[in-house]
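Taking it in order: structure first as structure tokens, then the write-up.
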Amino acid sequence: MSEERMEFQAEVSRLLQLMVHSVYSDKEVFLRELISNASDACDKLRYAAVTRPELTEADPEFRITVTLDGDARTIRIADNGIGMDRDDLVRDLGTIARSGTGAFVDQLSGDAAKDVALIGQFGVGFYSVFMVADSVAVTSRKAGDETAWTWSSEGTGTFTIAEATREDRGTTVEVHLREGEDEWLEGGKLSGIVKTYSDHVAMPITLVDGEEESVVNQGSALWTRSRNDVTEEQYTEFYRHAGHAFDEPWLTVHYRAEGKVEYSVLLFVPSSRPFDLFDPARRNRVKLYVKRIFITDDCQELIPPYLRFLKGVVDCEDLPLNISREMLQTSPMLAHLKSAISRRVLNDLEKKAKDDAESFTTFWDSFGAVLKEGIYEEQERQEAILKIARFRTSAEAGAWVSLDDYKARAKDGQQAIYYITGDDADQLARSPQLEGYRARGIEVLLLTDPVDNFWLTTVPEFDGTPFRSVTRGSADLDEMAAGDQDDEAAEAPREADIATLSVALKQALGEQVKEVRASTRLTDSAVCLVADEGALDMHLERLLKQQQQLDAPSERIMEINPRHDLIRGLITKVKDEGAGAGIEDAALLLLDQALILEGESLPDPAAFARRMSALMARDVT
Ligand code: ADP
Ligand code: MG
């Protein structure tokens, strides 16, 4: 029979190279990957047999067999699942399709130590077998087909495909161990590993070692057991199996609902952020089962997008087994499940936030930005999400505060929850617009996720207190005592003189600003820009401009600090000499300064440099 040699897709080759030279300490994960593939294959056939019962008629009992052969130095993992035909083998074991894998491969640096750490965060599936094998042969016969095929490779750039024979449907993966990988040939060790990795697998796994043959797992679906019957280790193993994960679950949500709709839920929040969390193409991979039969792991109607980091299983008793994709999309029962599951997960998150505040902040650090999408996507959950949301704040660098904490620390007379949005918390904390608030001891939230700009437009208030941007409208700081500024205020310039300067500056700047006015929010800086009360927040406007969703920017208001020496000087100058030529350069330099502070580009950098140099020249000559 002729054998055909083919090349791996480039990404696979890189991955294989990494596997072959791997110094990863947890090599045993290759067994988990192979067993998990075998159990997936049985799940798939069980589902296919719902509509085509003839596929399993001859052999209705699913099983997985692991056979050890010390003399031949092989481990064989066989299943009677769906199997693969020739095309399947070439595609499934020659390319990478799994979501996030491309991103994973892109991050590989070639530096073994770093890359190994990456493997730890990302399951690499079938190819992980090459950490221990010097050759692998996969013989498979697809359910319903007569022909079998063997795929084989040494983990270098190529693999071969040839016609083969196999008694029955299913797949056998024969792993030939490399020199030095003798530990896997010890029966006791292998059986221990298979046990830990397979306890949750919903079909019997038999271990064959010479004459000895034993079933090593319980073979019942883990999610159907009660919480008390499941150990932490079993949860962790199941999470890794069902979620293609390598880390620990941070939170486990396991319950059974018996009401209008009967269903079991076993979901996990990962402890680390997946690579593709913000990839727009990312979909949740929660598996939907109906009466213990796997239906799909691509059901976007089950879990809302803002919970897309969840992994695990939902098993419903009341959906029909032969449910189609179209039915899934419109099923009111699924809508019910989605709503009930979201509520429960948010509830458990809130509990965790209370019980273990410190650990909760690490969760928030990883997934908060995703969760906040729910604030505007789902009106119903707005309150629940805002309640657990954590924010950076001007009061304490690096700390995460809740809105409840914020409100509890509010100053007397404070009417709003103040915030500022931008790209970087440290930079925001130094914004001139914050000065007046800081002087009065008022905390300001520093919002740095792009999503913040969007939910803020849909949420007017939290628990009766409105949100208010410190870079928009006039600062409502007058009612709140400024503390140590009172005596200075006595020598502030006269209102009429400030007004004269404002008019002169506005005249010099023309249409570049909408208005020039005295500021109550500045204490140290001379100027800042703010948006008009009804206008877009400045940072949001910048974001929209970057995304080309906005062409006409709105006009800004320039605020000046009448207590600042520079402004005082200008007031005196205008009073003495009138609004002559001197004021124009000063006005433009003030505006450029304010723009730089906003992180915006200057309309005419050359003119800025010229004016600045002229000003400095006056000082040095
Ligand atoms: P994943 O399991 O995440 O899809 P793998 O690298 O583990 O990725 O496997 C790649 C694909 O190969 C699987 O999606 C499946 O289609 C196919 N496959 C692997 N092992 C088997 C098997 N024992 N039976 C049937 N198909 C298999
Ligand atoms: Mg797999």
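The values are calculated or read from the model by the stated rules, or taken from the named source; none is laboratory data. The shown structure was predicted, so the numbers you read here are calculated from the model rather than taken from an experiment. As a convention, Cβ positions derive from the backbone with ideal geometry for all residues, glycine included, and neighbour counts pool all protein chains shown. Just so you know, the surface numbers come from the protein's heavy atoms only, side chains and all, with ligands and any DNA or RNA stripped out. Shrake-Rupley method; radii C 1.70, N 1.55, O 1.52, S 1.80 Å.
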Failed condition for Asp111, given (1) farther than 25 Å from Arg5 by Cα; (2) at pLDDT 95 or above; (3) charged (D, E, K, R); (4) open to solvent by 20 Å² or more (accessible area, probe 1.4 Å): (2)
Elements of type strands (runs of 3 or more DSSP E) contained in segment 1-94, each with 2 or more residues being touching a residue at least 60 places away in the same chain (Cβ under 8 Å), more than 10 Å from ligand 1 (Cβ to nearest atom) and open to solvent by less than 60 Å² (accessible area, probe 1.4 Å): 64-69, 74-79
Residue ID - least open to solvent (accessible area, probe 1.4 Å), chosen from residues in segment 214-250 that are in a strand (DSSP E or B), over 18 Å from Lys287 (Cβ atoms) and in contact (Cβ under 8 Å) with a residue 12 or more places away in the chain: Trp250
Candidates Ser394, Ser339, Ser366, filtered to the one that is of a type in the set (Gly, Ala, Ser) and surrounded by fewer than 17 Cβ atoms within 10 Å (Cβ to Cβ): Ser339
Top-ranked residue of segment 427-465 - restricted to ones that are open to solvent by 20 Å² or more (accessible area, probe 1.4 Å), part of a helix (DSSP H, G or I) and touching a Leu at 6+ places or on another chain (Cβ under 7 Å), ranked as farthest from Leu477 (Cα to Cα): Pro450
Ser140, sole failed condition from (1) under 19 Å from Arg5 (Cα atoms); (2) away from ligand 2 (no atom under 16 Å from the Cβ); (3) in contact with a strand residue (DSSP E or B) (Cβ under 6 Å, 6 or more places away or on another chain); (4) of a type in the set (Ser, Thr, Tyr): (2)
Scan of segment 166-198 for residues that are crowded, with 16+ Cβ neighbours inside 10 Å and away from ligand 1 (no atom under 16 Å from the Cβ), ordered by number: His176, Leu177, Arg178, Glu181, Trp184, Leu185, Leu190, Ser191, Ile193, Thr196
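Looking at segment 574-621 only, could you name the residues that are outside any helix (DSSP H, G or I) and open to solvent by less than 50 Å² (accessible area, probe 1.4 Å)?
Scanning segment 574-621 gives Gly578, Gly580, Glu598, Glu600, Leu602.
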All positions within segment 253-270 that are without any contact (Cβ under 8 Å) to a residue 40 or more places away in the chain and part of a loop (DSSP other than H, G, I, E, B): Gly259
Breaking point among (1) farther than 18 Å from Pro432 by Cα; (2) aliphatic (A, V, I, L, M); (3) open to solvent by less than 30 Å² (accessible area, probe 1.4 Å), for Met558: (1)
Helices (runs of 4 or more DSSP H) fully within segment 368-411 counting 1 or more residues that are under 22 Å from the mean Cα position of the chain (by Cα) and free of Cβ contacts under 8 Å to residues at least 12 places away in the same chain: 382-388
Conditions (1) over 21 Å from Gly81 (Cβ atoms); (2) at pLDDT 85 or above; (3) buried (at least 22 other Cβ atoms within 10 Å of the Cβ); number of the one not met by Pro274: (2)
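Yes or no, residue by residue, for (1) under 39 Å from the mean Cα position of the chain (by Cα); (2) assigned to a helix (DSSP H, G or I); (3) not charged (D, E, K, R):
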site: Ser135; (1), (2), (3): yes, no, yes
site: Gly144; (1), (2), (3): no, no, yes
site: Ser152; (1), (2), (3): yes, no, yes
site: Glu167; (1), (2), (3): no, no, no
site: Val173; (1), (2), (3): yes, no, yes
site: Gly180; (1), (2), (3): no, no, yes
site: Glu183; (1), (2), (3): yes, yes, no
site: Lys189; (1), (2), (3): yes, yes, no
site: Met203; (1), (2), (3): yes, no, yes
